[in-house]
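Dropping a structure here in structure tokens format, bear with me for questions.
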């Protein structure tokens, strides 16, 4: 939300500065033709819309990343808790075992521990990979939005130049 607000405010200042650009002292001030004024207004409007759109895309991408990180953290915690529960159960089995069966119970507990750790590690890797994929996709979305905004700005400048050249 802060990015969106900052982008809108900066867009306002940019459009105000663009509309009030002073004439260079080396050339006399020539009144702008109606076509140039119209092209400038259209360019400012399109730039503001593109900047707003870019801010929305950035905000959505950031929200997706936060959600993915939260989900990954929850999945990791759940996997660790499940492994700890399995290990505790195995330790309890060893404690309950008779003296003659202690070695066998300990071997089973060791096997359960290894399997629980492996399963937890797999879940952690999968959750991390999924979160990383969301981050990469979000970065790509942000980059595409930035490129679109730059294209709209450049197109506006070209339209203003073209309107000034046509007489």
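The values are calculated or read from the model by the stated rules, or taken from the named source; none is laboratory data. Please read all numbers here as calculations on a predicted model, not as lab measurements. A quick note on method: Cβ atoms are made from the backbone with ideal geometry, for glycine too, and the neighbour counts reach across all protein chains shown.
With exposed (fewer than 11 other Cβ atoms within 10 Å of the Cβ), over 45 Å from the mean Cα position of the chain (by Cα) and in a helix (DSSP H, G or I) as the only criterion, which of 107, 95 stands out?
95
Quick check on region 148-167: of everything there that is within 28 Å of the chain's Cα centre (by Cα) and more than 14 Å from residue 37 (Cβ to Cβ), which residue is surrounded by the most Cβ atoms within 10 Å (Cβ to Cβ)?
149
Condition test on residue 140, is it touching a helix residue (DSSP H, G or I) at 6+ places or on another chain (Cβ under 8 Å) and at pLDDT 90 or above?
No, not satisfied.
Taking the stated definitions as given, is residue 132 under 19 Å from the mean Cα position of the chain (by Cα), without any contact (Cβ under 8 Å) to a residue 40 or more places away in the chain, surrounded by 12 or more Cβ atoms within 10 Å (Cβ to Cβ) and closer than 21 Å to residue 75 by Cα?
yes
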